[in-house]
Structures are given as C-alpha cells and as structure tokens.
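Below is one structure; the comments refer to it alone.
The values are calculated or read from the model by the stated rules, or taken from the named source; none is laboratory data. Not measured: the values here are computed from a predicted model. Note that we place each Cβ from the backbone using ideal geometry, even for glycine, and neighbour counts take in every protein chain shown. Protein only, heavy atoms only, side chains kept; ligands, DNA and RNA dropped before computing areas. Shrake-Rupley method; radii C 1.70, N 1.55, O 1.52, S 1.80 Å.
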Amino acid sequence: MAVALTAITERVHMAQTPLVNWTVVADDAGVMLIDAGFPGSRDEVLGSLRELGFGPTDVTAILLTHAHVDHFGTAIWFAQTHGTPVYCHADEVGHAKRDYLQQASPVDLMRHAWQPRWVKWSVDIMRKGALTHDGIPTAAVLTDDIASTLPGQPTAVPTPGHTGGHCSYIVDGVLVAGDALVTGHPLAARKGPQLLHPVFNHDEAGCVRSLSALATLDADVLIPGHGDLWIGPVREAARQATPA
Ligand SMILES: [Zn+2]
C-alpha cells in the first residue's frame, strides 16, 4: 500500500494511507512521529521517514493522539527495537501500556458484518495486525517540559471522547487531530469533517465536547487521523463534524 507524503509546512509532513494517517515532524531537534500506523504499517512508516532522509534510529520521539492499534502500531516496534520514547496524554498512558483496552471488540464489529464495506475493512485491518494485543510498557506522559524539547515543539490540546485520554497537537499552527475530528474513513458513507462511527468512540458526548474545544482554535490546517487534509478554519471543520 502506498503512502502519500505531503509537506504542510517546512517541518510538518502528512503521511496518508487509505486506512490511517500519521504525521512526521522534522527540524534541527530531530524527527518525530505523531501516531505511527498499524503494527503492519512498518514499511510505510519507514518509507515516509526515508523519503525525508531519515532512518528508524533518527526518530527521537513518538507522540500518540491515542493508543488504538491503528495509531500506535509501529510505536510498539520502535519502542521495543530502538528504545524510542513514546509519549501521550496522562489519561492515555495506561491505555498505551494495555493496562486496559478501550477499543471496539471483534464482537462489536461483527454486528456490522452484513455490510460489505465493513467486511472488506475488517480483512484489510487484520492484515495490518489489528488483533495485536501488545502494549508499550515504556509509554510516558507528555509534559510541557518534554514537549518544549521535541521537534516542532508541539502544543497538546486534550480532546477526550474517542478514548479517555485522546489528545490533539498543534505544530506550526497545524492541528493534528487524530480521531477527535476526521475527514473520512473506509467505513464512512461520505467525505468531509465528521466524527468516527459511534462504535469506535468510548464516550460520544465527550467527542462532541472536544469538537467544541477544537472550534475555539485559530488553526487553518487540519491533519486528521483518517481522511484527507483539511485546509480552512478548523472552527468550520468542527462545526461540520458536530452532530445536528
Ligand atoms: Zn483511528
């Protein structure tokens, strides 16, 4: 599967695949991933780094928007193999360690199995290692002090709902929203700003509250966890994604 890498600013690059996106931030402080695809996305993640002239040992940190398998998959490998530090919101650390799991179960998903779109997607994500149960024992809290030393000096914007400790990040004025606000998904009936299907959200009301929080931001570019890049006021994207 090909990965499309788009330069958003000098430092921020969006890596897009049909199943999930991640962000590569590179500057003098090194290179950092925000999210890291499925466990089986390793070739694509390494490909996105290589395109910018980096190898796996150049990655100084991985930030997670949340610890779902499609977003932290290769971070398991990076942490195990290269000792790469992995950071997330304080309320997501236990999830990243797999002290507990806040993810739709195969049984939840089976309820939708009569829909062809869901069948194809299920097969695709299984191939990408969606059933991996590994956690990241070394996952740590992203503090302001740590954030100030990372490439792009990301600012955390807590957006709980999709998971209890979901967090978005702003780098260079670009909002990296993870699954707090997406613009498409293989299971979505339409493109454009939206929330994911409720089966994937831990707390639907929290998701809506987090959209309100995002609507107060001044950002004009949005890299979603799934779907296409959004260029325009994030406030407008959040408005469109808010259920009527
Ligand atoms: Zn996701």
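Values as computed for the structure displayed
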| quantity | calculated |
| --- | --- |
| HN-Hα J in Hz across segment 85-94 - Karplus 6.51, -1.76, 1.60, θ = phi - 60°, x for Gly and Pro | x, 10, 10, 7, 5, 3, 7, 10, 4, x |
| DSSP beta bridge pairing in segment 143-244, given as percent antiparallel to the nearest 5 | 70 percent |
| Counting DSSP beta bridges with both ends in segment 4-241, the antiparallel % (nearest 5) | 65 percent |
| GNM top mover of TYR169, TYR87, TYR100 - the chain, alpha-carbon springs below 10 Å | TYR100 |
| Sites ALA2 and MET126 - FRET efficiency at Förster radius 22 Å, r taken between beta-carbons, to 0.05 | 0.65 |
| Segment 4-241 - accessible surface per residue (Å², probe 1.4 Å) | 42 Å² |
| Those residues of segment 219-244 whose amide nitrogen sits under 19 Å from the label point placed on ALA213, 7 Å along Cα→Cβ | 219-226, 234-243 |
| Of the GluC sites (Glu not before Pro) in segment 1-97, those whose Cβ has at most 12 other Cβ within 10 Å and which sit in DSSP loop | GLU10 |
| Full-stretch length increase - ALA244, GLN115 - with 0.36 nm per residue and alpha-carbon distance subtracted | 44.0 nm |
| Protein accessible area in the chain, 1.4 Å probe - carbon and sulfur % | 55 percent |
| Among 145-153, 108-116, the order from most to least packed when residues are scored by Cβ within 10 Å on average | 145-153, 108-116 |
| Residue-averaged [θ]222 nm for the chain, counting only DSSP H segments that reach four residues, each worth -39500 (n - 2.57) | -7500 deg cm²/dmol |
| Size of charge dipole - segment 34-138 - debye, nearest 20, with Cβ of Lys, Arg +1 and Asp, Glu -1, no other charges | 360 debye |
| The chain: relative contact order as a whole-number percent, Cα under 8 Å and 6+ apart | 18 percent |
| Gaussian network model of the chain, Cα within-10 Å springs - most flexible of ILE223, ILE76, ILE125 | ILE125 |
| Rh (Kirkwood; distinct C-alpha pairs) - the chain, Å | 17.5 Å |
